[in-house]
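Take a look at the structure set out below.
The values are calculated or read from the model by the stated rules, or taken from the named source; none is laboratory data. The shown structure was predicted, so the numbers you read here are calculated from the model rather than taken from an experiment. Don't worry about glycine lacking a Cβ; one is built from the backbone with ideal geometry, like all the others, and counts go over all protein chains shown.
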């Protein structure tokens, strides 16, 4: 049975799980933590750091430490979300060759999928260490509200990390799977997922035969814990400015320290009524005088600062219920997901809105990865009787004359599905028509996400409105969109499979996969070399320590003197190899070192 | 009994089987009486007025008793899903569709039963309504609908076979899944279900009326007053057309109302058959003794029966069903055409026989009157609900019992109203189909509407247009287009429609002529001009 892992690629933290003996299990990382920070850094020495170590050095290396890359994945550089991220990030975001956003670290430009790939690779390594074997397949989760470009970019990130992403599923859906798996219940469930960077609400029906049917899903890709942190940072910065007249935002290192402190304070306020933010030597006054930031923040203050954020999530819940034509009373269970749902005010608001207390049985940080692992196992192994009926999160359609967007497959349509509609030409003697495939809910085409385009040519010349073109959209279970356009009069057809653009060309992607694979091999190799080197050093030290004793014991015999001479030569060569870092040479001397050490140990033991 | 499940199987009687010696009840007798070696299971069911399922069971039992040859599957390959009865909508379990069986052997990882299920459903997509697709009754509650959908989804979603080789089944499964999802989404939402039910009701009503029209036509054309129960052309997919040697007029399906006796008395329920062979009368001391040779005689085609024969047959049927043994003497007495055998009985016995005969005739007549009354009452009730189709249906059946002037006049007037309503229903139905871009269905429904209201060129033009869009029967499209133009030669629009049909059919010269006329009639119509230019350039 092939192994498949489930990865929750979060904005702030990531988590990996696997199905073991029929039960989903979260895999802890080397440090014993069940979640790993979604952070990547490049050190001065050019070394890549991922996870906890990247987070630990973030303060001193803010400009080269990437956090919340998920907010940028699959987005255009010109999008307001990227603009927003540029304003709040300590690292540099630049425009890529395909109008995508890229990240500059120590002079090298990385695509966002490459950064995400580093995190995914870390998760893969965690799983491989735990399972003791290679892992090639994964189910990766994304916010329900991700569009196809963002999903494709996430898939690409998986490919760069050497993972075959067999399915992308929505985070709230994954949470519902984890909640309902193996429970044999029939319920309508709302999943409220307020994570580090995104907010999602999904309504699912858990039915007989292990069917999980998504009824509706909605959300906001720029509303999450980071926004709560930003409110605290603003509050701290403004207070500091009015006191000292200095804008802390200008100092990247100060900003990073503020960020950490804000997140810490926010978490603490989930369990305590008030906490102190204490940042000594935050900045220099300019008169060579160090300034400190010290301020008490209460839970009430935090709630006031973030009231509108919580209200926004409730508004989205209301809208989603309305779209699904459901009443609050139809929701039989509420599952809370994401670290932000630890905040008491969030729980209160949700309970108040739905009129019932949310379910407490699931771990908000782990449930998504568990669900991904369940879906992976259900896909690869038919003995799990479970099937997920997912929906399209966005309306799919085409751009028509005048820049108007015409939806063909409405959002929240269960996939697989297909729809067709007939369009006509908009100009006289128009012989070709460009079909722009878009995704989104806006009436104006430009507000939506462009997924792909193709041209239907050789239309007969006619006055406008005469030529009829039938456009058929099809989405299969893998979420792949195909579009077929047909001239109804001539029967001429043209079809494309819409591959969402992640901001990477196939060639770029291939290069990245290759180089990442190379790096992975290097990493494995260097880990091995490092091990050998350490072993060699240990042996050299041991021999060194025993040398005087042994020399003394065997000094009486010629044979002994000869042996110690030989040992001295071996030691010298091995030391030279270690200091040069010549791996081949170290390996060559390992056997001799081992033999010498054994011999020395034997001599000492015999005489003592 | 499994083999009798196939509606096209023909049960064959075993020669020399003696029903009297076997432990068979009236039900078995009734079914056996309809088995003549030529009627299929479905026809036997129709003739006996019993539920098809019951008939299968009874036939199975008869086969066990040796009355019938063991069933062999019918050689006729019939592209039929099981008969969907639109009025009761029994959950449909499709089987043995008209698809290519070779697909079952296509290389791939799917189990055979899943393949069967996918193919059955896939090939029934056009045929089945949402309820049949999900296999639920029309009055199924939301929970039952959901459960049915989930059951199907759990088996038919391609994710259940992720990474498996599904071959040509993948796209079929996706198509089926899409449709069952639409069915579920429609039926699980109150408003949408109500709309859909309304549409189905319209469709059922027009279908019922189609049948009615068919019988009416048959009625006037056929010399026999009792059409045999058989497939109606209106439902060619449901029952196979009878073999040519037994070409019989279609008949209404048996009424579900009434007891067995009542049904047996209705002339349309039994097969025409040569009279039972005369047998020597049994001694009156042993009235329960059966005819010694109850051999079934195969009919030689649709022979009209003389009134006497008819009466005798009815009487016999009534007796059989009442569980009594028919005295051969009485049967013979009631059948003057049969050779009389001198009865060595006393005058008293003869008087008693006469009395009995009169009593039977009275009861037959009473039952007939009761039936007519019931039908007329039913018709009146339907009229009060403005359900003229049902009313006409009832009255037509009543007419088969007694062709009285008053009844006929009533029938004609109701029939007229029903026709009117039907045309409206068709138009509504066709508009719905058009909106769903179901061109094939829309074309067929417009065609029916045009038949029901032959004077309306608009309907004919719509039929022509829908058929053109469907593209499957351009001949029919041209016929309707021509009708529209003929009825209203001054309409440029109709001529453009017809021109387009001709164009699609490759009849360029005709297309040109129509379009020229259209341009002449409406010089401002850019579409017509446009098309004309195109046609001319196509001609070269």
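Among the residues of the stretch A:403-416, the ones that are within 11 Å of chain B (Cβ to nearest Cβ) and part of a loop (DSSP other than H, G, I, E, B) come to 4 in all.
Looking at A:76, A:70, A:47, which one is crowded, with 24+ Cβ neighbours inside 10 Å and either in contact (Cβ under 8 Å) with a residue 40 or more places away in the chain or more than 11 Å from residue A:115 (Cβ to Cβ) (or both)? Steps first, please.
Details: A:76 fails: crowded, with 24+ Cβ neighbours inside 10 Å; A:47 fails: crowded, with 24+ Cβ neighbours inside 10 Å.
From the options A:76, A:70, A:47, the qualifying one is A:70.
Taken over the stretch A:372-402, the criterion of being away from chain B (no Cβ under 14 Å), modelled with pLDDT under 95 and either part of a helix (DSSP H, G or I) or touching a helix residue (DSSP H, G or I) at 6+ places or on another chain (Cβ under 6 Å) (or both) is satisfied by A:399, A:401, A:402.
Of all residues in the stretch A:26-44, none satisfies the criterion of being crowded, with 21+ Cβ neighbours inside 10 Å and without any contact (Cβ under 8 Å) to a residue 24 or more places away in the chain. Taking the stretch B:172-186 only, how many residues are facing chain A (nearest Cβ under 8 Å) and over 17 Å from residue B:159 (Cβ atoms)? Residues meeting the conditions: 1. Can you say whether residue A:587 is in a helix (DSSP H, G or I) and either at pLDDT below 85 or over 17 Å from residue A:603 (Cα atoms) (or both), as far as the supplied structure shows? Yes: the conditions hold for residue A:587.
Scanning the stretch A:350-361 for any residue that is at the interface with chain B (Cβ under 10 Å from one of its Cβ atoms), part of a helix (DSSP H, G or I) and touching a helix residue (DSSP H, G or I) at 6+ places or on another chain (Cβ under 9 Å) turns up nothing.
Please find, among A:160, A:169, A:93, the residue that is surrounded by fewer than 23 Cβ atoms within 10 Å (Cβ to Cβ) and either closer than 18 Å to residue A:365 by Cα or modelled with pLDDT of 90 or more (or both).
Working: A:160 fails: surrounded by fewer than 23 Cβ atoms within 10 Å (Cβ to Cβ); A:169 fails: surrounded by fewer than 23 Cβ atoms within 10 Å (Cβ to Cβ).
Answer to the check: A:93.
One residue stands out among those in the stretch B:146-155 that are more than 7 Å from every other protein chain (Cβ to nearest Cβ) and crowded, with 22+ Cβ neighbours inside 10 Å: the one that is nearest to residue B:120 (Cα to Cα), which is B:152. Among the residues of the stretch A:7-62, the one identified as out of contact with any strand residue (DSSP E or B) (no Cβ under 9 Å at 6 or more places or on another chain) and at pLDDT 95 or above is A:28. Here residue A:321 does not fit the description of being touching a helix residue (DSSP H, G or I) at 6+ places or on another chain (Cβ under 6 Å) and assigned to a helix (DSSP H, G or I). Please verify whether residue A:313 is out of contact with any helix residue (DSSP H, G or I) (no Cβ under 9 Å at 6 or more places or on another chain) and surrounded by 17 or more Cβ atoms within 10 Å (Cβ to Cβ), treating the condition exactly as stated. Taking the combined requirement at face value, the residue does not satisfy it. Report, by residue number, each residue of the stretch A:1-25 that is outside any loop (DSSP other than H, G, I, E, B) and surrounded by fewer than 21 Cβ atoms within 10 Å (Cβ to Cβ). Passing the criteria: A:20, A:23, A:25. Scanning the stretch A:50-67 for residues that are surrounded by fewer than 24 Cβ atoms within 10 Å (Cβ to Cβ) and free of Cβ contacts under 8 Å to residues at least 24 places away in the same chain turns up A:52, A:53, A:55, A:56, A:57, A:61. In the set B:496, B:535, only one residue is under 39 Å from the mean Cα position of the chain (by Cα), in the same structural domain as residue B:453 (by TED's automatic domain parsing) and assigned to a helix (DSSP H, G or I); that residue is B:496.
Out of the stretch A:267-299, which residues are touching a helix residue (DSSP H, G or I) at 6+ places or on another chain (Cβ under 6 Å) and either loosely packed, with under 10 Cβ neighbours inside 10 Å or assigned to a loop (DSSP other than H, G, I, E, B) (or both)? Answer for the stretch A:267-299, where residues must be touching a helix residue (DSSP H, G or I) at 6+ places or on another chain (Cβ under 6 Å) and either loosely packed, with under 10 Cβ neighbours inside 10 Å or assigned to a loop (DSSP other than H, G, I, E, B) (or both): A:269, A:270, A:273. Please work out which one of (1) touching a helix residue (DSSP H, G or I) at 6+ places or on another chain (Cβ under 8 Å); (2) within 14 Å of another protein chain (Cβ to nearest Cβ); (3) without any contact (Cβ under 8 Å) to a residue 40 or more places away in the chain is the condition residue A:490 fails and give its number. Among (1) touching a helix residue (DSSP H, G or I) at 6+ places or on another chain (Cβ under 8 Å); (2) within 14 Å of another protein chain (Cβ to nearest Cβ); (3) without any contact (Cβ under 8 Å) to a residue 40 or more places away in the chain, the lone unmet condition for residue A:490 is (1).
Scanning the stretch A:417-440 for residues that are outside any strand (DSSP E or B) and modelled with pLDDT under 85 gives A:425, A:426, A:427, A:428, A:429, A:430, A:431, A:432.
Rundown of residues vs (1) more than 14 Å from chain A (Cβ to nearest Cβ); (2) at pLDDT below 85; (3) closer than 30 Å to residue B:490 by Cα, yes/no style:
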| position | (1), (2), (3) |
| --- | --- |
| B:360 | yes, yes, no |
| B:376 | yes, no, no |
| B:381 | yes, no, no |
| B:389 | yes, yes, no |
| B:439 | no, no, yes |
| B:447 | yes, no, yes |
| B:457 | yes, no, yes |
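State whether one or more residues within the stretch A:424-440 are at the interface with chain B (Cβ under 9 Å from one of its Cβ atoms), within 30 Å of residue A:169 (Cα to Cα), under 37 Å from the mean Cα position of the chain (by Cα) and buried (at least 21 other Cβ atoms within 10 Å of the Cβ).
As a first pass, look at the stretch A:424-440 and keep what is at the interface with chain B (Cβ under 9 Å from one of its Cβ atoms): none.
No: zero hits.
Taking the listed residues A:466, A:494, the one that is crowded, with 17+ Cβ neighbours inside 10 Å, in contact with a strand residue (DSSP E or B) (Cβ under 8 Å, 6 or more places away or on another chain) and not in a loop (DSSP other than H, G, I, E, B) is A:494, with no other qualifying.
Which of the strands (runs of 3 or more DSSP E) found entirely inside the stretch A:167-253 contain at least 2 residues meeting this: within 23 Å of residue A:38 (Cα to Cα), touching a strand residue (DSSP E or B) at 6+ places or on another chain (Cβ under 6 Å) and within 14 Å of chain B (Cβ to nearest Cβ)?
none
Every condition in (1) more than 14 Å from every other protein chain (Cβ to nearest Cβ); (2) in a loop (DSSP other than H, G, I, E, B) holds for residue B:166 except the one numbered (1).
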